1. Return the residue satisfying two criteria in turn: it lies in the range 198-214 and is surrounded by 16 or more Cβ atoms within 10 Å (Cβ to Cβ) and outside any helix (DSSP H, G or I), and of such residues it is modelled with the lowest pLDDT.
2. All but one of (1) at pLDDT below 90; (2) part of a strand (DSSP E or B) hold for ARG11, so report the exception by its number.
3. From the list SER74, SER88, SER105, SER25, pick out the single residue that is modelled with pLDDT of 90 or more, hydroxyl-bearing (Ser, Thr, Tyr) and more than 24 Å from ARG190 (Cβ to Cβ).
4. Search the range 242-259 for residues being closer than 20 Å to SER283 by Cβ and charged (D, E, K, R), and hand back the single one that is least open to solvent (accessible area, probe 1.4 Å).
5. Considering only the range 343-363, I want to know if a residue exists there that is of a type in the set (S, T, N, Q), in contact with a strand residue (DSSP E or B) (Cβ under 8 Å, 6 or more places away or on another chain) and over 21 Å from ASP404 (Cβ atoms).
6. Of all the residues that make up the range 15-62, how many are in a helix (DSSP H, G or I) and either open to solvent by 40 Å² or more (accessible area, probe 1.4 Å) or farther than 17 Å from ARG108 by Cβ (or both)?
7. I'd like to check something: does the range 218-240 contain any residue that is assigned to a loop (DSSP other than H, G, I, E, B) and closer than 30 Å to ALA285 by Cβ?
8. Could you go through the range 325-340 and let me know if any residue there is of a type in the set (Asp, Glu), open to solvent by 20 Å² or more (accessible area, probe 1.4 Å) and free of Cβ contacts under 8 Å to residues at least 60 places away in the same chain.
Amino acid sequence: MSETTVKYVHRICPCSPCDVEGIQSWLEDMAAEGLLLVEDGVFCGVFSFERKTPRKVKYRLDVAQKRKPGFLDSGDELTDEEMELYRSMGWESLLRYGDFRVYRSTERNAPELNTESETHAITIGLLKKKHRGALWNSVLTAMIFLLFSNGVLRYPYREAATIGLLFTAGVYGVIVLAWIECLVRLFRFRRYEKRLLDGDALNRRVEWRKTALCSYCARALPFLLSFGVIFGLLSALSHAGTEVSHEEYAGKINFATVADVFPGGTVTHDNVFLDYGTVNAWSTAIADNYEWNESSYVTTADGEQYYCILRLEYHETAAEWIARGLEQNYYDYDANRYHGKDFEDFEVPDLGVDSVRAYYSYGIFYVLMREGSRVVHAVVTIDGPSEANEWHLWAQAMAQKLRD
């Protein structure tokens, strides 16, 4: 093939961005196959090559020099004097890849870029410190979100049950993957530094194919985790806003409503708020979920008048340990709302279920109940002749439902 007919090919780098020895060996093997790296020919780990006559070429990775970036400046460009120095030594600078610049030489007797192990160890040691700092920063960031967020990091059972397991696993996976990546780079640079301080040079040739599969899998993981997060959000959006009226709902109701509290009474729905009088039902991988909203006036058979508000979230989870975690997430969320202000627990009678709690949280009265793998979290207001919130009436009816 004539070299005037240039064809470009693209290859995903099969080595980790911190695998200096593997990347150098891979690029040299590509040159032996007639694929020469293009200047500035890398994007998101994909390298661009010109197809030319196979030849023996040396590639070296050297730590990119840190400079103060200016306008439209990447911050690691070589000066003209440095470029000329490398050319005089038989090397050309091609591109920046991660923490390194990639150099190429077609001269057999070109001197090595790093001939002093101690000096090379210093630059590698700087990378080690950089990624150690990045690891601590990522851990600190996750801790801040854990302390102050009201979402998946702090209440994973609730998010997994209602939004989806893929979304929750994806978020945690992204965080853990970032930690693992920092650790891998940190330990690799630490190993390089130790070898150089012991007077050994980095290997010029290694068998990069042995670790290629692991590298490809590591590159695929962020895409898979991102897919899980996006799919989970889309699934959540698909059931958001799908409420139907109580009259339209044709499914089975396994929780107590106002009608169950006052059997034989006359229930007149008020539904003064936009979403009152609605029910929403959806499923995720670990739970069947229901949201019930009701505002009603009740006249009992004895002629007593009650005004009831019931907003509940009911979950039938896949396992009891999930239900226990979900119950605790609900309680912690309510207790921590507005930094725990105006929170008060109430004594609850024995209702014959595994767990029941009643409490005020910022002026709202909640009942939280669990039996086996089922959990109900409800806002309950029952105003009657006693002029007190007789929430226990609904709690007794709900406990009966859970026991049945």
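1. Narrowing the range 198-214 to residues surrounded by 16 or more Cβ atoms within 10 Å (Cβ to Cβ): 202, 206, 208, 211-212.
Adding the requirement that they be outside any helix (DSSP H, G or I) leaves 202, 206.
On the way: LEU202: 85, VAL206: 90.
Restricting to residues being surrounded by 16 or more Cβ atoms within 10 Å (Cβ to Cβ) and outside any helix (DSSP H, G or I), the top hit is LEU202.
2. (1)
3. On the way: SER74 fails: modelled with pLDDT of 90 or more; SER88 fails: modelled with pLDDT of 90 or more; SER25 fails: more than 24 Å from ARG190 (Cβ to Cβ).
Only one candidate passes the filter, namely SER105.
4. GLU243
5. First pass over the range 343-363, keeping only residues of a type in the set (S, T, N, Q): 355, 361.
This time we only want the ones that are in contact with a strand residue (DSSP E or B) (Cβ under 8 Å, 6 or more places away or on another chain), so: 355, 361.
Next cut, over 21 Å from ASP404 (Cβ atoms) only: 361.
Yes; the residues of the range 343-363 include at least one that is of a type in the set (S, T, N, Q), in contact with a strand residue (DSSP E or B) (Cβ under 8 Å, 6 or more places away or on another chain) and over 21 Å from ASP404 (Cβ atoms).
6. First, pick out the residues of the range 15-62 that are in a helix (DSSP H, G or I): 20-32.
Checking which are either open to solvent by 40 Å² or more (accessible area, probe 1.4 Å) or farther than 17 Å from ARG108 by Cβ (or both) leaves us with 20-23, 25-26, 29-30, 32.
Count: 9.
7. Keep residues of the range 218-240 that are assigned to a loop (DSSP other than H, G, I, E, B), which gives 240.
Then drop every residue that is not closer than 30 Å to ALA285 by Cβ, which leaves 240.
Within the range 218-240 (the criterion being assigned to a loop (DSSP other than H, G, I, E, B) and closer than 30 Å to ALA285 by Cβ), the answer is yes, since at least one residue qualifies.
8. Initial filter on the range 325-340 (of a type in the set (Asp, Glu)): 327, 332, 334.
If we keep only those that are open to solvent by 20 Å² or more (accessible area, probe 1.4 Å) too, we end up with 332.
Among the residues that remain, those that are also free of Cβ contacts under 8 Å to residues at least 60 places away in the same chain are: none.
Checking the range 325-340: not a single residue is of a type in the set (Asp, Glu), open to solvent by 20 Å² or more (accessible area, probe 1.4 Å) and free of Cβ contacts under 8 Å to residues at least 60 places away in the same chain.
The values are calculated or read from the model by the stated rules, or taken from the named source; none is laboratory data. These numbers come from a predicted model, not from an experiment. Ideal geometry is used to build each Cβ from the backbone, glycine not excepted, and the neighbour counts take in all protein chains shown. Areas reflect the complete protein model, heavy atoms only, side chains present, ligands, DNA and RNA absent. Shrake-Rupley method; radii C 1.70, N 1.55, O 1.52, S 1.80 Å.
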